[in-house]
Amino acid sequence: MLPAMGYAQDPPRTGWDFAGLPLVNFTTDRGVGYGAYVASFYHGPKGAGDFPYRASIGGQFYQTTGGYAFHKFILDVPNIADTGARFDLKSGYETWDSAWYFGIGDATPRLEPDDTPPGYYTAGLQSLWAIPTLRLPIEGPWKLFLNYVFRKTDVEVFPETRLAEDTPEGTDGGTLSMGSVGFAYDSRDREPSTNRGIFSELSIRVAHPVLGADWRFLGTNITHRHWVPLGSDDLVFAYRLGFDWTTGDAPFFQQHILGGTEWVEMGGNVALRGLPNGRFRGPITGYANLELRWTLGRSQWGKSTFDLLAAPFVDLGRIWGGNTPGSEHGLHGSAGAGLRLVYNDVFVVRFDVAGGLEEYTVATAPRSTQTDHRRPVLGVYAIVGHPF
């Protein structure tokens, strides 16, 4: 292990960087996922200055043995024509042979796997989506951002499933066309592996037939991210707090995906890690990610640098609305630890192992809101990027 070195001593990077990663993950419910992610970073002939790079292009091929595929393209230009304006585009194709649906609301305990009829918590989903975001500088760390979400989704409702019984909004599929506007305060010292600073945002979003949407709803999101060095940049406490509210007829397949400039869903590899993707969804969501990022060492091979970080973490989440009022349910949680490998300060490989506390009901009451017992479930993720 090599001691961490001061980042200010590193010379500016110029030209192109290239990186790639085989993707692997495992969850107790979904099975093994596999694929690859490749990216290129252009720093310019004299470096990118205060920005991580001049431009970045990335692509992902990913699928699982459990009938899920997620292929995507990402473009990021953080300093358009040296104006401080930033444009990024996230787009892709996502298909589920058996997408999870456990109900809407906070109190949605599930049946034990041995008691669950085949496919009871699943549906077929196919989505083509694109999310362009433009951030404009106002003054200092303050930014105005404009965001648009296009998602064309086909839904297959299987007979004798929880989705067929509930028939929530969106079971016929359709087009989601949603615009957002908001303000952000961004004082991060660097991206994507931040050591100090704040990145907070407040936004509102609307979907309406005038925009080409098949649904009408309004939402707001507030998210606060903070990185606090504990004595030095080698030990950083990082946390994210979020609150999201939606009113109207939002489709069920979007309800677990929250607003703002970053894709956050309740369950999976970002929030409530260890629990299934989309485990909890509802009109009001609060959540927290807490991480301790410890730089174990830095090595240098030629002109390339590699930082190795350890990251124990805790995730918490809560849903309000959508089922029996006055439920005794409180916070849902998970915890785990991870290793992060940071290449040239711009490409983060994340390996997380998480245990989520799952809630179960009795076999005779599959739609009960009463939890009979709880036990841990496991999630293992090898993917690109910090969760925040």
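The values are calculated or read from the model by the stated rules, or taken from the named source; none is laboratory data. Source: prediction; values computed, not measured. Because the Cβ atoms are built from the backbone with ideal geometry, glycine has one as well, and the counts that use them run over all protein chains shown.
See the values below:
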{"read-out": "Test result for GLY49, of a type outside the set (Val, Ile, Thr) and within 24 Å of ALA382 (Cβ to Cβ)", "value": "no"}
{"read-out": "In the range 144-167, residue surrounded by the most Cβ atoms within 10 Å (Cβ to Cβ) [restricted to those that are of a type in the set (Lys, Arg) and either in contact with a Lys or Arg (Cβ under 6 Å, 6 or more places away or on another chain) or within 30 Å of SER203 (Cβ to Cβ) (or both)]", "value": "ARG151"}
{"read-out": "Long-range neighbours under 6 Å by Cβ, at least six apart or interchain, first residue in a strand (DSSP E or B) within the range 198-211, second among the basic types (Lys, Arg) and at pLDDT 95 or above", "value": "PHE199/ARG188; PHE199/ARG225"}
{"read-out": "Subset of the range 349-388 (residues that are over 30 Å from ARG196 (Cα atoms) and of a type in the set (Lys, Arg))", "value": "ARG367, ARG374, ARG375"}
{"read-out": "Top-ranked residue in the range 228-242 [being free of Cβ contacts under 8 Å to residues at least 60 places away in the same chain, under 20 Å from the mean Cα position of the chain (by Cα) and buried (at least 16 other Cβ atoms within 10 Å of the Cβ); ranked as nearest to PHE313 (Cα to Cα)]", "value": "TYR239"}
{"read-out": "Flag if THR133 is more than 19 Å from the chain's Cα centre (by Cα), among the polar types (S, T, N, Q) and modelled with pLDDT of 95 or more", "value": "no"}
{"read-out": "Criterion: under 13 Å from the mean Cα position of the chain (by Cα) and within 21 Å of SER368 (Cα to Cα) - qualifying residue of GLY260, GLY317, GLY267, GLY321", "value": "GLY267"}
{"read-out": "Qualifying positions in the range 343-360 - of a type in the set (Val, Ile, Thr) and either part of a strand (DSSP E or B) or closer than 24 Å to GLY119 by Cβ (or both)", "value": "VAL348, VAL349, VAL353"}
{"read-out": "Test: residue in the range 79-88 that is more than 19 Å from LEU136 (Cβ to Cβ) and outside any loop (DSSP other than H, G, I, E, B)", "value": "no"}
{"read-out": "All positions within the range 119-136 that are more than 26 Å from PHE102 (Cα to Cα) and polar (S, T, N, Q)", "value": "THR133"}
{"read-out": "Pairs, first more than 11 Å from PHE102 (Cβ to Cβ) in the range 267-281, second among the aliphatic types (A, V, I, L, M) and part of a loop (DSSP other than H, G, I, E, B), C-beta under 7 Å, six or more apart", "value": "VAL270/VAL264; ALA271/VAL264"}
{"read-out": "Single unsatisfied condition, ALA99 versus (1) surrounded by fewer than 16 Cβ atoms within 10 Å (Cβ to Cβ); (2) in a strand (DSSP E or B)", "value": "(1)"}
{"read-out": "Some residue of the range 179-193 being polar (S, T, N, Q) and either at pLDDT 95 or above or more than 30 Å from GLY338 (Cβ to Cβ) (or both)", "value": "yes"}
{"read-out": "Residues (over 22 Å from the mean Cα position of the chain (by Cα) and either in a strand (DSSP E or B) or more than 25 Å from GLY317 (Cα to Cα) (or both)) located in the range 117-130", "value": "PRO117, PRO118, GLY119"}
{"read-out": "Qualifying position, being at pLDDT 85 or above and within 30 Å of GLY231 (Cβ to Cβ), among PHE51, PHE70, PHE61", "value": "PHE51"}
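Yes/no matrix, rows are residues, columns are (1) modelled with pLDDT of 95 or more; (2) part of a strand (DSSP E or B); (3) of a type outside the set (Phe, Trp, Tyr):
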| site | (1), (2), (3) |
| --- | --- |
| GLN300 | no, yes, yes |
| LEU309 | yes, yes, yes |
| GLY326 | no, no, yes |
| ALA335 | yes, yes, yes |
| GLY338 | yes, yes, yes |
| LEU341 | yes, yes, yes |
| VAL362 | yes, no, yes |
| GLN370 | no, no, yes |
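For (1) at pLDDT 95 or above; (2) under 26 Å from GLU191 (Cα atoms); (3) of a type outside the set (Ser, Thr, Tyr); (4) under 16 Å from the mean Cα position of the chain (by Cα), each residue gets a yes or a no:
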| residue | (1), (2), (3), (4) |
| --- | --- |
| PHE347 | no, yes, yes, no |
| PHE351 | no, yes, yes, yes |
| ALA365 | no, no, yes, no |
| PRO376 | no, no, yes, no |
| TYR381 | no, yes, no, yes |
| PHE388 | yes, yes, yes, yes |
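Yes/no per residue for (1) surrounded by fewer than 17 Cβ atoms within 10 Å (Cβ to Cβ); (2) under 30 Å from ALA365 (Cα atoms); (3) in contact with a Cys (Cβ under 7 Å, 6 or more places away or on another chain); (4) small (Gly, Ala, Ser):
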position: THR64; (1), (2), (3), (4): no, no, no, no
position: TYR68; (1), (2), (3), (4): no, yes, no, no
position: THR83; (1), (2), (3), (4): yes, no, no, no
position: TYR93; (1), (2), (3), (4): yes, no, no, no
position: ARG135; (1), (2), (3), (4): no, no, no, no
position: TRP142; (1), (2), (3), (4): yes, no, no, no
